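Peer 1: One structure is given below, represented as structure tokens, and several questions about it will come after.
The values are calculated or read from the model by the stated rules, or taken from the named source; none is laboratory data. Bear in mind that the values here come from a model prediction, so they are computed numbers and not experimental data. Glycine gets a Cβ as well: all are built from the backbone with ideal geometry, and neighbour counts include every protein chain shown. For the accessible areas, the whole protein counts, side chains as well, though only heavy atoms, and no ligand, DNA or RNA atoms are used. Shrake-Rupley method; radii C 1.70, N 1.55, O 1.52, S 1.80 Å.
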Amino acid sequence: MPADNELTAKLTRRLDRNEALEQGQQVTNTYRTTGISIYSEFSEFSRKQIKEYEKAFKKYDAGGDGYLDLEELKVTMERLAAPQTHLSLKAMIKEVDEDQDGKLSFREFLLVFRKAAAGELPEDSGLCRLAALTDIDVGQVGVNGAANFFESKIEELTKTSKFEAEIREEQEMKKRELELKKLRQAEFKEKASLFSQQN
């Protein structure tokens, strides 16, 4: 009987830990200190573009801590075939490091692309190279300026409705995931109660 209680306790802790991880992952789309959604703050990018930038950021964030430190930025630039000196890497971080913690958060990483799109980065700067060399499939995620004038006008007119549709789609997907999660939890609790009743 003590072994059964131990197993039940371990499974319950694992379930609690998984729930905590899932709740923590829901916060990733929000700039934590202000509560402003990344999507609202960087409205010049589509949701798909931001998701692609997030994938690139996570790929560059070797430590998985949610930040690009000096070493990770160095490795990233080397992988992009644009190696930088130590001083240049420090200058790159300082250019967009608003909280001055010496590393880049995802929000600060997005600032690189905002500044690049606005032409605020010198062409020979490391940040400009980072923005240019980061693999974002423009054909897949779209661009703000379309190939011709008419496509651009249509895109501007439908931009808000696309954004709302993407939000609805994402909410529906989260709703389905939550329902599936609840179903799995109920099944787990049922099996756990059967297991504890047998012993």
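Peer 1: All but one of (1) hydrophobic (A, V, I, L, M, F, W, C); (2) open to solvent by 90 Å² or more (accessible area, probe 1.4 Å); (3) touching a strand residue (DSSP E or B) at 6+ places or on another chain (Cβ under 6 Å) hold for Leu87; state the number of the condition that does not hold.
Peer 2: Of (1) hydrophobic (A, V, I, L, M, F, W, C); (2) open to solvent by 90 Å² or more (accessible area, probe 1.4 Å); (3) touching a strand residue (DSSP E or B) at 6+ places or on another chain (Cβ under 6 Å), only one is false for Leu87: (3).
Peer 1: I'm checking my understanding of the structure. Among residues of segment 111-135 that are open to solvent by less than 30 Å² (accessible area, probe 1.4 Å) and part of a loop (DSSP other than H, G, I, E, B), which one is farthest from Gly63 (Cα to Cα)?
Peer 2: Leu121
Peer 1: Now for a different question. Name the one entry in Glu179, Glu108 that is modelled with pLDDT of 90 or more and closer than 30 Å to Gly63 by Cβ.
Peer 2: After ruling out the rest, the residue left standing is Glu108.
Here is a yes/no grid of residues against (1) at pLDDT 85 or above; (2) assigned to a helix (DSSP H, G or I):
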{"site": "Gly139", "(1), (2)": "no, yes"}
{"site": "Asn144", "(1), (2)": "no, no"}
{"site": "Glu172", "(1), (2)": "yes, yes"}
{"site": "Gln197", "(1), (2)": "no, yes"}
